[in-house]
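Coordinate-derived values only; no laboratory data. What you are looking at is a predicted structure, and each value in this text was computed from that prediction instead of being measured. Reconstructed Cβ throughout: ideal geometry from the backbone, glycine too, with neighbour counts over all protein chains shown.
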Amino acid sequence: SMCISTQVGCNMGCTFCATGKSGFSRDLLPSEMISEIQTAQKDIGERISNVVLMGMGEPLDNYKNVLRFLELVSSENGLNIGMRHISLSTCGLVEKIYDLADRKLQLTLSVSLHAPNDEIRSRTMPVNRKWNVEQLLKACRYYSDVTGRRISFEYAMISGVNDSDACANELASRLRGIIAHVNLIPVNDVTGTGYRKSGEERLRKFTAILEKRGITATVRRTLGSDIEASCGQLRRRNEQGGTV
């Protein structure tokens, strides 16, 4: 499995993510996204069979190029990776979610939710000021209904911000009726955010509340944080090797 980037930098500005802090440079072309996979295959000497668009950038903000990439990567004459082996992550560009649903591509939609309500989400994710939680989840229900695919909701667990029992119960209420799975991700260290990851006991309690309310949830294993390559840690560097 491989996580690839769709942009250099990001426009979304989520407060817990390093990518947005370095600004947006440009969109990646379909050929560049394909090249990420081909280069990895060459380096490791194995075939990549699963792809997640969860690296640097917002895939739906580079929509035209991402659609062309999906066409190429799944083609028998391309890399021949089936759509059911591809996950696309978005922070919630609602109009594009509706369009993606109507295309019925059968990929897995992963939604970076990270909060159960507008107060917390607008404070940590600027995109919520354009499309709020209710609008986003309405689009998610549409996507699930039209495609028949389960949606994966990403939820970065930030100590004292979005990890309370009340947040867990509100999240469960919000997701009722959606074919969903929640990935709980202990937030990774990013210089300048001041955020700390939730403790193990808090993670267990949050998960237990969701499962008691009928929402499937798992705590994601964290890999790559030692080289600043884990979730939320990717950022551009200048030619001299420093952080941008």
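Structure summary
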quantity: Failed item, numbered, when Val146 is tested on (1) in contact (Cβ under 8 Å) with a residue 40 or more places away in the chain; (2) farther than 23 Å from Lys96 by Cβ; (3) among the β-branched types (Val, Ile, Thr); calculated: (2)
quantity: Matching residues in the stretch 142-187 - criterion: being surrounded by fewer than 16 Cβ atoms within 10 Å (Cβ to Cβ), within 28 Å of Gln106 (Cα to Cα) and either of a type in the set (Gly, Ala, Ser) or touching a Leu at 6+ places or on another chain (Cβ under 7 Å) (or both); calculated: Gly148, Ser173, Gly177
quantity: Residue that is surrounded by fewer than 22 Cβ atoms within 10 Å (Cβ to Cβ) and of a type outside the set (D, E, K, R), where the choices are Thr90, Thr108; calculated: Thr108
quantity: Of all residues making up the stretch 120-139, the number that are buried (at least 17 other Cβ atoms within 10 Å of the Cβ) and more than 23 Å from Lys21 (Cα to Cα); calculated: 4
quantity: In the stretch 93-122, residue nearest to Phe206 (Cα to Cα) [restricted to those that are in contact (Cβ under 8 Å) with a residue 40 or more places away in the chain and assigned to a helix (DSSP H, G or I)]; calculated: Ile120
quantity: Set Ser164, Ser198: member being touching a Pro at 6+ places or on another chain (Cβ under 8 Å) and polar (S, T, N, Q); calculated: Ser198
